[in-house]
Amino acid sequence: MDIQPSNLAWKDAYKLMVGSILPRPIALVSSINKEGVANIAPFSFFTAISAEPMLVCFSPMRRGTDGSKKDTLLNIESTKEFVINIVSEEIVDQMNITATEFPSDVDEFEESGFTKEPSSVVAPPRVKESLVQMECSLHEVLHFGDLPGSGSLIIGKVESFHISDDLYFEGKIDTKKLNPVGRMAGSMYTKAISDMFELQRK
Ligand SMILES: Cc1cc2nc3c(=O)[nH]c(=O)nc-3n(C[C@H](O)[C@H](O)[C@H](O)COP(=O)(O)O)c2cc1C
């Protein structure tokens, strides 16, 4: 099988990507709009870029219905700040609620039952129930079109890195205690820690 993405509808191209680029970590992104209304949404097109400076990125796609920008992108473009909260198995049900496309004047902390924890550097609150939270300033945003399914790449500079005390030892994070989940295709997820194996580098 050899498929040219340019011949595919965006939804079919998306299915090939999410079925092969996996498991994907999940950034639970908290942001605020100009009026201060808080928003939370999960993004699995998410990865690290650089340790010095510490840069991370994630990609909100344009809405499948009309190509409009998602609230997270609009908020970050207007306030230039956000928080990436890591998703552990314990908070997946609340994370799932935040994936609902609520109107922009709805506070998604209230809808999901997550608790606001004030950030130390940026204005958007952290998700208290998340065990690792990265306060970010917007480093750069790149747009790759404005059609349904077109992505924008949001690059954030981590200004403050919060780790629950329980997880932190000798400068490292205890993966088992973090118990992160990854996103697979469709509505499937994976538990990162239940099937780990070791492979020493030669
Ligand atoms: C686990 C998970 C991962 C997701 N990853 C992405 C993603 O990488 N990019 C994207 O555009 N939407 C993604 N979504 C969908 C958004 O979370 C959803 O469209 C959300 O309502 C956007 O919210 P907003 O308009 O408040 O920004 C994901 C949903 C789930 C449940």
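The values are calculated or read from the model by the stated rules, or taken from the named source; none is laboratory data. Owing to the predicted nature of the structure, the values given are computational and were not obtained by experimental measurement. Note: ideal-geometry Cβ built from the backbone for every residue, glycine included; neighbour counts use all protein chains shown. Ligands, DNA and RNA are stripped out before the accessible areas are found, and what is left, the full protein with its side chains, is counted by its heavy atoms. Shrake-Rupley method; radii C 1.70, N 1.55, O 1.52, S 1.80 Å.
See the values below:
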| item | result |
| --- | --- |
| Evaluation of Phe197 against (1) open to solvent by less than 50 Å² (accessible area, probe 1.4 Å); (2) over 16 Å from the mean Cα position of the chain (by Cα) (one fails), failing number | (1) |
| Qualifying residues in the range 74-93 (those that are under 25 Å from Pro180 (Cα atoms) and surrounded by fewer than 19 Cβ atoms within 10 Å (Cβ to Cβ)) - the one farthest from the ligand (Cβ to nearest atom) | Glu90 |
| Leading residue by the ranking (most open to solvent (accessible area, probe 1.4 Å)) among those in the range 18-37 that are of a type in the set (A, V, I, L, M) and more than 10 Å from the ligand (Cβ to nearest atom) | Ile21 |
| Whichever residue in the range 54-73 is touching a strand residue (DSSP E or B) at 6+ places or on another chain (Cβ under 9 Å) and open to solvent by 30 Å² or more (accessible area, probe 1.4 Å) and, among such residues, is farthest from the ligand (Cβ to nearest atom) | Met54 |
| Options Ser160, Ser130, Ser112, Ser120: the member that is farther than 15 Å from Thr72 by Cα, among the small types (Gly, Ala, Ser) and over 17 Å from the mean Cα position of the chain (by Cα) | Ser120 |
| Per-region count, the range 163-188, residues part of a loop (DSSP other than H, G, I, E, B), without any contact (Cβ under 8 Å) to a residue 60 or more places away in the chain and over 22 Å from Ser119 (Cα atoms) | 4 |
| Filter pass, Gly145 being touching a residue at least 60 places away in the same chain (Cβ under 8 Å), within 16 Å of the ligand (Cβ to nearest atom) and loosely packed, with under 14 Cβ neighbours inside 10 Å | yes |
